[in-house]
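Before any comments, here is the structure.
The values are calculated or read from the model by the stated rules, or taken from the named source; none is laboratory data. Just so you know, these numbers come straight off a predicted model, no measurement behind them. Methodologically, a virtual Cβ is constructed for each residue, glycine included, from the backbone with ideal geometry; neighbour enumeration extends over all protein chains shown.
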Amino acid sequence: MQLRMLPLAASLAVLAGCASQSAANASSTGMPANGVEMASVALAPASGSQVSGKLMLMPMGDGVHVTGDIGGLAPNSTHGFHIHEKGDCSAVDASSAGGHFNPTTQPHGRYTAPQHHMGDNDNLVADASGVAHVNAHFPGAALGGGGADDVIGKAIVVHADADDYTTQPSGNAGARIACGVITAP
């Protein structure tokens, strides 16, 4: 009987090793073990603006990378750009999205500073046509997994003014002029 069990045990050990190697390969390539490879945001106007856009999110390195275009901005203008804590853009002024995404309870700041909200990022700058080309990274954030750092179901908000990176709790970035919920396929 033990001789018959030996091939089964060896097969199970090989399968377990393959699963561990697959997880290690996924981790080293930036692909999450939970399978969420990409998410998207459809930004809609808020506070009476005409600002809208489409963003794509993907896990990259130590966080989540966001790319896309946002139009309807004033030419050559600068705007605060954050992930907010609630995936609710239903209020006319997008106040339903809550404050900045901040699972580590840090003060507001520039995302490159030692202390900042996980949802903080550098300002967006629109080009002469009023389009901001987004290429942003949110260190520490995760795409899926359900942990405190997971941004699926949160909102991305574009503000009317530039973030000053110091005023608490939100950088004095003004009205919320576009909002969209981060959704996975």
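Quick notes
- Candidate set: segment 15-61, residues that are at pLDDT 50 or above and surrounded by fewer than 11 Cβ atoms within 10 Å (Cβ to Cβ); chosen: the one nearest to the chain's Cα centre (by Cα): G61
- Of the residues making up segment 129-177, those that are of a type in the set (S, T, Y) and modelled with pLDDT under 95 are Y165, T166, T167, S170.
- Each residue in segment 163-185 was checked for being surrounded by fewer than 19 Cβ atoms within 10 Å (Cβ to Cβ) and under 21 Å from P45 (Cβ atoms), and 3 pass.
- Residue that is surrounded by the fewest Cβ atoms within 10 Å (Cβ to Cβ), among those in segment 104-145 that are free of Cβ contacts under 8 Å to residues at least 24 places away in the same chain and β-branched (V, I, T): T105
- For segment 126-143, a residue qualifies if it is touching a Leu at 6+ places or on another chain (Cβ under 9 Å) and not in a loop (DSSP other than H, G, I, E, B), and the qualifying residues are A132, H133, V134, A136, F138.
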